[in-house]
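The block underneath contains the structure these notes are about, expressed in structure tokens.
The values are calculated or read from the model by the stated rules, or taken from the named source; none is laboratory data. Predicted, not measured: the structure shown is a model, and the values here were computed from it. Glycine also receives a Cβ, built like all others from the backbone with ideal geometry; neighbour counts cover every protein chain displayed. Ligands, DNA and RNA are excluded from the accessible area calculation, which covers all protein heavy atoms including side chains. Shrake-Rupley method; radii C 1.70, N 1.55, O 1.52, S 1.80 Å.
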Amino acid sequence: MTTITVNGSAHEVAVDPTTPLLYWLRDALGLNGAKYGCGLGQCGACTVVVEGEAVMSCVVPVVALDGKHVTTLEGLGTADAPGPLQRAFIDEQAAQCGFCIPGMIMRAEALLARRPDASDAEIRATLQTNLCRCGTHMRILKAVRRGADAMRAASPPAARPVRLGDAR
Amino acid sequence: MARRSLLVSLAALVVIGVGGAAAALAWHPALPPAERPAAASFDPALVKRGATLAALGNCAGCHSAPGRPPLAGGLPVETPFGAVYASNITPDTEAGIGHWSEAAFRRAMRDGVDRDGRNLYPAFPYNHYTLVTDDDDAALYAYLMTREAADSAVPSPALPFPLNVRAVMAGWNLLFFRPGTYAPDPARGPDWNRGAYLVEGLGHCGACHTPHGPLGEEKAGEHLAGGAAEGWTAYALNGASPAPVPWTVDAMALYLRHGWQAEHGVARGPMALVTANLGRVPEADARAMATYLVSLMGRGAEPAPPAAKPGLPPASAGSQVAVAAGNGRGAALYAGACASCHEAGRALPYGGLALALSTALHAPDPTNLVVVTLHGLAAPVGAGGPIMPGFAGALDDDDLAALLSYLRGDIAKAPAWPDLPATIRRVRARDATLVASDGTGTAPADPQVRIAR
């Protein structure tokens, strides 16, 4: 039996092993943060974090995730208590239609966990794989910058705990 | 004792003799500095022809580096002995070749010697450029001397003694270098000869596609038998070509100019830059190169018999396909991670190649397949092109090995790669830094974009 830990809770997987992670997250767990965009790993709307790495969940079958830790948008905070990067996206009003935003946030989250001091150029390069059809890229970049600065101010790099991968 | 000192004396004499011969060969006079010619002094038609030739030679591929002006050099060219930095070939009189006369430029191309008379390192492929005619050298000179001058200095080569002594290259030349322009083969047609001239000369295909010996030389007797470039495998272009569908002249000519071909896939890695450049050359030149290359593979211009083509999946109207998974972990991974693109039947270059057609799956070495699966195909910057997500974060080494073994055994129906797990570990370790520094890990299709980045 495949077991996947999502946002800190372990779940047994009872679907066909070839099922994309995205379908299982949405249909079995009701976690609708990650979006179905293209189904081909080309738009990034389905991005979640697996063991610290941003992955396109529409092209990762659950069979590849046995024993692994997955973090979705829901793992970063709630509507009442958003995480620092979510807070920054709200403050910058970075969403227009909002469909790409969960993927943008998760890919940025993985980058900042690995590189809290990421430069603007690194943020741009990292988000290159995620598409936004509304054209709010400038606000998205500002939001990631704001979130990075907020996280760094809240906890200096040396003192910050590992936030992704939960139990690791 | 006397016998021993005799041996020592004899050895010393041999060393002095060889060294002296090499020194004599190493000596080239400095050519006098020329007044930098005015750009307007060159015939625009000649400059235009030079631009095409510079694209054929992929000059910008090495002589332009990210964050520096075009053709201002500075790109480290890694050799087994250390890095050599590409020269600044803009007409700047201090940092570039502004003081070089046409004769000095021609000597560099023909003999691998700079204006001061110092030997160049063969990272600059003068062993190929020596074949270039005086007329083409003149056009290249006109093109370079009419570019914008950039005063960017270039670091000295990071080579250990004795390789840091440039005169040592005279010994290398003695062993491996045969200067002289291309001699047409009278038994062959003009297309074939034109192709051979471009492939062997300015195109310097062998610099990557021929295996290199211990001294960095292209191995004699293994011409275009497959080599390596920047962490990628450069496939064999002779009879050992691993392409499952034999190349035809039509297919190769299209691939060279467009960077993809429906039955072979897309060019990526260092080859993406090559095909982006070849997109600017006349169709006739690409066809001539294809004529020559396909002849090396042991085939004429006739199309391959249909029976030789592996079966293709049926075309699909949409992007989603459900694939019945075969047995085993690799098959399940393929069905969940790969099939939605690679079995959708959408046409190249935007659809995924049916993997039965993939040269990477049929190659003797799994490097390219591992690189592409781990890091994907980054979207070309500023242009349309094929893309593929990387799976470095999604698949661990064991799953990657299971997936690629399935592709090799069940789809290519080829014997297993014995070194697959080691290749996966090696590529993952190396490309972690490459991707972190570059953001994409893959050259954009358009070299101008690469220059500006």
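Quick notes on this one:
- Just one of (1) over 21 Å from residue B:340 (Cα atoms); (2) open to solvent by 10 Å² or more (accessible area, probe 1.4 Å); (3) more than 13 Å from the chain's Cα centre (by Cα); (4) touching a residue at least 12 places away in the same chain (Cβ under 8 Å) fails for residue A:119. It is (4).
- Residue that is farthest from residue A:129 (Cα to Cα), among those in the range B:407-422 that are assigned to a loop (DSSP other than H, G, I, E, B) and open to solvent by less than 30 Å² (accessible area, probe 1.4 Å): B:414
- Qualifying position, being open to solvent by 40 Å² or more (accessible area, probe 1.4 Å) and part of a loop (DSSP other than H, G, I, E, B), among B:178, B:194: B:178
- Scope the range B:44-65; condition in contact with a helix residue (DSSP H, G or I) (Cβ under 7 Å, 6 or more places away or on another chain) and assigned to a loop (DSSP other than H, G, I, E, B); matching residues: B:58, B:64
- Restricting attention to the range B:149-165, the residues that are open to solvent by 80 Å² or more (accessible area, probe 1.4 Å) and over 26 Å from the mean Cα position of the chain (by Cα) total 2.
- Total residues in the range B:109-129, condition surrounded by fewer than 21 Cβ atoms within 10 Å (Cβ to Cβ) and in contact with an Asp or Glu (Cβ under 7 Å, 6 or more places away or on another chain): 1
- Restricting attention to the range A:59-75 and to residues that are within 8 Å of another protein chain (Cβ to nearest Cβ) and either touching a Cys at 6+ places or on another chain (Cβ under 9 Å) or in a loop (DSSP other than H, G, I, E, B) (or both), the residue that is farthest from residue A:8 (Cα to Cα) turns out to be A:59.
- Filter result (more than 13 Å from chain A (Cβ to nearest Cβ) and either under 20 Å from residue A:63 (Cα atoms) or surrounded by 23 or more Cβ atoms within 10 Å (Cβ to Cβ) (or both)) within the range B:327-354: B:353
- Residues satisfying the stated conditions in the range B:384-406, i.e. open to solvent by 10 Å² or more (accessible area, probe 1.4 Å), within 11 Å of residue B:333 (Cα to Cα) and either within 12 Å of chain A (Cβ to nearest Cβ) or assigned to a loop (DSSP other than H, G, I, E, B) (or both): B:402
- Residue pairs whose Cβ atoms lie under 8 Å apart, sitting 6 or more positions apart in sequence or on different chains, and linking a residue in the range B:168-179 that is more than 12 Å from residue B:27 (Cα to Cα) to a partner that is open to solvent by 70 Å² or more (accessible area, probe 1.4 Å) and assigned to a loop (DSSP other than H, G, I, E, B), are B:172/B:215; B:175/B:215; B:176/B:215.
- Tally of residues being at the interface with another protein chain (Cβ under 9 Å from one of its Cβ atoms) and either closer than 15 Å to residue A:142 by Cα or among the small types (Gly, Ala, Ser) (or both) across the range A:113-127: 5
- Selection within the range B:109-144 - hydroxyl-bearing (Ser, Thr, Tyr) and in a loop (DSSP other than H, G, I, E, B): B:121, B:130, B:133
- The range A:1-48, residues that are more than 12 Å from every other protein chain (Cβ to nearest Cβ), surrounded by 21 or more Cβ atoms within 10 Å (Cβ to Cβ) and of a type in the set (Val, Ile, Thr): A:4, A:6
- Within the range B:70-101, being over 19 Å from the mean Cα position of the chain (by Cα) and surrounded by 21 or more Cβ atoms within 10 Å (Cβ to Cβ) holds for B:72, B:88, B:89, B:90, B:91, B:92, B:96, B:97, B:100.
- Residue in the range A:64-71 that is polar (S, T, N, Q), in the same structural domain as residue A:16 (by TED's automatic domain parsing) and touching a residue at least 60 places away in the same chain (Cβ under 8 Å) present: yes
- Total residues in the range B:358-383, condition within 14 Å of chain A (Cβ to nearest Cβ) and in a helix (DSSP H, G or I): 4
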